[in-house]
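Please read the structure below before turning to the comments.
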Amino acid sequence: MSSGITPVLRDKLIVALDVSSPEEASDLVARLGDSVSFYKIGLELAFGGGLPLAERLAGAGKKVFLDLKLHDIATTVERAAAQVARLGATYLTVHAFPQTMAAAKQGVGDSGLLILGVTVMTSYDDQDLKAAGYLFGVRHLVERRALQARQAEIGGLILSAEELPAIRELVGPDLRLVTPGIRPAGSSVGDQKRVMTPANALRAGADHLVIGRPITRAADPRAVADAILAEMAGA
Ligand code: C5P
């Protein structure tokens, strides 16, 4: 085994399967082989037949993050979360409203599925929140919801890399902090605006890094994943 790449370190890298069909996703998973142990399935793939794939991946020993961003009345969230819990995934996202987080936690029970709260979408700025009728700006709302997530005793939070140090200090060590917007030095930023390297994000307190296109669109995805893991091992 190459230096420092333990199973625990490998689980810190979550590859976003942002493709439209289970066939494309399965092909990527096969190409990544043993290098990658954790996959994120979002709305596009979930609605394109990705839920049976999630179940298959979990059955084959991979970890799965279902990024479904649930938000509805408490009963519906609770019952939906209970259904998701049967797929064998590790993480499920919900929007970080107190009722929604509490209902999702109730729904998953002791299945082992952990709920991650999405605080404020990073595509929103202060003006967007004001237009939607919120009294708080982004930073204040992210902090408030992070504390509410801790109070709801959910598993963790999705947040941008630049929020990591402040939120880690606010919520303490128990919540898992999961961050997208990661770019290895030298790779294309794409439509991400605020990016951090894998090593810096780990140093800033991330438990998991979600990385999509730098790996999935590479000519040799496995080689890129291995290089990222080597960088993470050195952090
Ligand atoms: O391809 P890339 O590495 O930018 O993919 C990042 C993944 O994380 C995508 O699945 C994207 O939907 C998700 N994400 C994000 N920024 C957020 C929240 C989620 O890029 N603020």
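We did not get these values from a lab; they are worked out from the coordinates using the rules stated. Quick caveat: nothing in here was measured; it's all calculated off a predicted structure. As a convention, Cβ positions derive from the backbone with ideal geometry for all residues, glycine included, and neighbour counts pool all protein chains shown.
Summary table below
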item: Filter result for Ala161 (closer than 22 Å to Val142 by Cβ and within 15 Å of the ligand (Cβ to nearest atom)); result: yes
item: So Asp72, is it over 25 Å from Ile211 (Cα atoms) and within 16 Å of the ligand (Cβ to nearest atom); result: no
item: Pair list, Cβ under 9 Å, 6 or more apart: segment 168-193 residue at positive phi, other residue part of a strand (DSSP E or B); result: Gly181/Met196; Gly181/Val210
item: Scan of segment 127-140 for residues that are farther than 22 Å from Asp207 by Cα and within 16 Å of the ligand (Cβ to nearest atom), ordered by number; result: Asp128, Leu129, Val138
item: Yes/no for Leu43 being within 14 Å of the ligand (Cβ to nearest atom), surrounded by fewer than 19 Cβ atoms within 10 Å (Cβ to Cβ) and among the hydrophobic types (A, V, I, L, M, F, W, C); result: yes
item: Which numbered condition Gly4 fails, given (1) touching a residue at least 60 places away in the same chain (Cβ under 8 Å); (2) buried (at least 17 other Cβ atoms within 10 Å of the Cβ); result: (2)
item: Filter pass, Ile182 being surrounded by 15 or more Cβ atoms within 10 Å (Cβ to Cβ), within 16 Å of the chain's Cα centre (by Cα) and over 23 Å from Leu129 (Cα atoms); result: yes
item: Residue ID - farthest from the ligand (Cβ to nearest atom), chosen from residues in segment 178-199 that are of a type in the set (A, V, I, L, M, F, W, C) and in contact with a helix residue (DSSP H, G or I) (Cβ under 6 Å, 6 or more places away or on another chain); result: Ala199
item: Identity of the residue in segment 108-125, within 16 Å of the ligand (Cβ to nearest atom) and farther than 16 Å from Val77 by Cα, that ends up surrounded by the fewest Cβ atoms within 10 Å (Cβ to Cβ); result: Ser123
item: Failed condition for Ile154, given (1) assigned to a helix (DSSP H, G or I); (2) more than 14 Å from the ligand (Cβ to nearest atom); (3) hydrophobic (A, V, I, L, M, F, W, C); result: (1)
item: Qualifying residue in segment 211-223 (condition: within 15 Å of the chain's Cα centre (by Cα), part of a helix (DSSP H, G or I) and within 11 Å of the ligand (Cβ to nearest atom)); result: yes
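A quick yes/no check of all residues on (1) in contact with a Ser or Thr (Cβ under 9 Å, 6 or more places away or on another chain); (2) of a type outside the set (Lys, Arg):
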residue: Arg139; (1), (2): no, no
residue: Ala149; (1), (2): yes, yes
residue: Ile167; (1), (2): yes, yes
residue: Gly181; (1), (2): yes, yes
residue: Ala199; (1), (2): no, yes
